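Below: one structure, written as structure tokens.
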Amino acid sequence: MDAARLWSGGGATALVAALIAVAGIVIARGVFDVPVLAPEGDGAWGDANTWWYAAAAACVALLATALVHALIVSTPQPLRFFSWVIGLATVIAGVAPFVPDAQLSAKVATSVINVVLGIAIGTLVTSVARSAMRAARRRGDTQQRP
């Protein structure tokens, strides 16, 4: 596996995840006037929770990269296991907003943002991992030939 390629892609995924979180919150608050992660009076950009949510999304993307890295070096069919882990984590993240007491619109908006984040992180990290494994195979093939 080409670890540099994997982690640079993981970093890019973290940036995309953070931007998805901010965009989702801005759309929910600014367009639909749904108080996601903040009281209604905080406006479209909200409070510090928006930025913490974006940072958490970026951290989850980096954790997903670490997980896929560990699976690649230790497990048969690592991307299959990774897909299951990410899929189940996305289901949990999609259902979790319905546990606390809040407005239904805020629960739905937060759930949608979480599911979009899970899908984006899962597909991007999987794609980056495939690319990193292919690059390593190509490099290994050229090194073995005279």
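The values are calculated or read from the model by the stated rules, or taken from the named source; none is laboratory data. Fair warning: this is a prediction, and the values are worked out from it, not measured in the lab. Counting neighbours? That spans all protein chains shown, and the Cβs are built from the backbone with ideal geometry, glycine included. To get the accessible areas, we keep the full protein, side chains included, count just its heavy atoms, and leave off ligands, DNA and RNA. Shrake-Rupley method; radii C 1.70, N 1.55, O 1.52, S 1.80 Å.
Looking only at chymotrypsin sites (Phe, Trp or Tyr not before Pro) in DSSP loops with at most 16 other Cβ atoms within 10 Å, what is the longest site-free stretch of the chain? Before the final figure, lay out each step's value.
Numbers: sites that count: Phe32, Trp45.
The answer is 46-146.
Do the sum for the chain: with -39,500 (n - 2.57) for every DSSP H run of n ≥ 4, divided by all residues, what is the mean residue ellipticity at 222 nm, to the nearest 500 deg cm²/dmol? Could the numbers behind the result be given before it?
On the way: 4 runs with 110 residues, N = 146.
My calculation for the chain gives -27000 deg cm²/dmol from helical runs alone.
Specify the angular offset, from 0 to 90 degrees and rounded to the nearest 10, of the alpha carbon long axis of helix 48-74 from the longest principal axis of the alpha carbons in the chain.
20 degrees
What is the list of residues in the range 75-89 whose amide nitrogen lies under 20 Å from a point 7 angstrom out from the Cα of Ala66, following Cα to Cβ?
75, 78-79, 81-89
Take the solvent-accessible surface of the protein heavy atoms, probe 1.4 Å, and return the percent of it on the chain that carbon and sulfur atoms account for.
Numbers: 5760 of 8330 Å².
After summing per-atom areas, the C and S share lands at 69 percent.
Hey, rough spin-label estimate for Phe32 and Leu88, points 7 angstrom out along Cα→Cβ, what's it come to in nanometres?
Result for the modelled spin labels: 2.9 nm.
If you count only protein heavy atoms with a 1.4 Å probe, what accessible area per residue comes out for the chain, rounded to a whole Å²? Intermediate results must be reported in sequence, preceding the final value.
Numbers: 8330 Å² over 146 residues.
With all protein chains present, the chain gives 57 Å² per residue.
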